[in-house]
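Just so it is clear, none of the values below were taken in a lab; they were calculated from the coordinates. Treat the numbers as computed from the prediction; the structure is a model and nothing was measured. Neighbour counts are summed over all protein chains in view; Cβ atoms, including those assigned to glycine, are modelled from backbone coordinates with ideal geometry.
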Amino acid sequence: MITILAGGTGSVKLIRGLASQTRELTVISNIGDNIWLHGLYVCPDIDTVIYGLADILDKSQGWGIRNDSFGFIRQMEMLGEQTWFRLGDRDLATHLLRTNMLKNGKNLSEITEWMRNKYAISTKIIPATDNPVETKIITDIGELHIQEFWVKFRGNPEVTDIVYAGAERSRVNPEAIHALKRSKVIIIAPANPVTSIGPILAIKGLRKELIIERKKIIAVSPLIGERAISGPAIKYMKALKMQNSPVGVAEYYSDFVSTFVISRTDSNLSAKINRFNIKVYETDIMMDDSKDEIRLASYLLKQSKSF
Ligand code: FO1
């Protein structure tokens, strides 16, 4: 069994690659991006993974459903509502059903399980916690929900800090702990370390469990050189005074990661990462198409045979 800690857009490619190699895959999903909008509970990372595995994801934008229409959001705009977060019409069904189920007493794990069954997905998807945790970006214009910072303000404000509101009160999903214990290999997706993996690590009890399992944990760098493969990782890392390179990511993960996969073009960084008592593998980590996704997934599974 394999478990992967993941965010959304940056992670779904590797998840798809792994899912093509094994039916025994579990995703522990970030929940810090979740947001209440128009009375609906939106879970972008969970939905991106579900849509990605169901092959209905809009791959060009990395979120939402392919060929969706936006009649709802146009009508909301006409009515003077805030429409900076563009919910597609078909995507809306997901948020509506989820919200109704929450109101009827189901928790996020149960709802996610129901959804993946509806889409006949064999990969298990576990929210890291069923409690509310929201990533807040502290900026020069005030505290912003991560979606506000990234989508409404296009990632422009100066970032001074990042907090995971609610994490200290949250309880780790017991199923996540069970998956970590049972897995032969645990993969940290090439996701934003601060806002996709960070909120998962902040949940009480989770990091402690990862430290116990360190020997079987392999992370894939989300950076090539000093550039993120996608998204605003560098901006967040600088705000937290992390070194903005794969070395900084390796250091951030060093208490629970024993193996780190970096781009072949970053081979000059291997020795620095080794100093954190982390083994380094170098390969092509870009995933531009499904062939790349399968290639990287197979590579990770091959390297982890020795765990
Ligand atoms: N990202 C955008 O940049 N603009 C949007 O209008 C937007 C809408 C949206 C709707 C549903 C959904 O699941 C994701 C959506 N995203 C949108 C993506 C999302 O903001 C992030 O990519 C993830 O939270 C990862 O950080």
Each residue of region 113-123 in turn: what ³J(HN,Hα) in whole Hz from Karplus with 6.51, -1.76, 1.60 and θ = phi - 60°, glycine and Pro shown as x? 4, 4, 5, 5, 5, 4, 8, 6, 9, 7, 5
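Using unit Cβ charges (K, R positive; D, E negative) and no other charged atoms, how large, in debye to the nearest 20, is the dipole of the chain about its Cα centre? Can you show the working numbers first?
Working: 40 positive and 34 negative charges, 219 e Å.
Taking the Cα centre of the chain as origin, the dipole is about 1040 debye.
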Tell me, what ³J(HN,Hα) does each residue in region 302-307 have, in order and in whole Hz, if you take phi through Karplus 6.51 cos²θ - 1.76 cosθ + 1.60 with θ = phi - 60° and put x for Gly and Pro? 5, 5, 7, 4, 7, 6
When the charge dipole of the chain is computed with +1 on Lys and Arg Cβ and -1 on Asp and Glu Cβ about the Cα centre, the Cα farthest towards its positive end, among I273, T195, A167, belongs to I273
Sorted by chain and then number, the residues having a modelled amide H within less than 5 Å of the amide H of V220, at least 5 places away or on another chain, are I188, V261
Test of understanding: what is the full-extension gain from E213 to Y119, defined as 0.36 nm times their sequence separation minus their Cα-Cα distance? 30.7 nm
May I ask for the Kirkwood hydrodynamic radius of the chain, worked out over all distinct Cα pairs and given in angstroms to one decimal? 19.5
Using only alpha carbon pairs under 8 Å that are at least six residues apart, calculate the relative contact order of the chain and give it in whole percent. 20
So who's got an amide H within less than 5 Å of the one on I162, skipping anything under 5 residues away but keeping other chains? H placed 1.01 Å off N, in plane. I138
Output wanted: per-residue J couplings in Hz (rounded whole) for region 144-153, from phi through Karplus 6.51 cos²θ - 1.76 cosθ + 1.60, θ = phi - 60°, x for Gly and Pro. 10, 4, 3, 5, 5, 4, 7, 8, 5, 9
Once amide H atoms are placed 1.01 Å from N in the peptide plane, what residues at a sequence separation of 5 or more from I125, or on another chain, have their amide H within under 5 Å of its amide H? V27
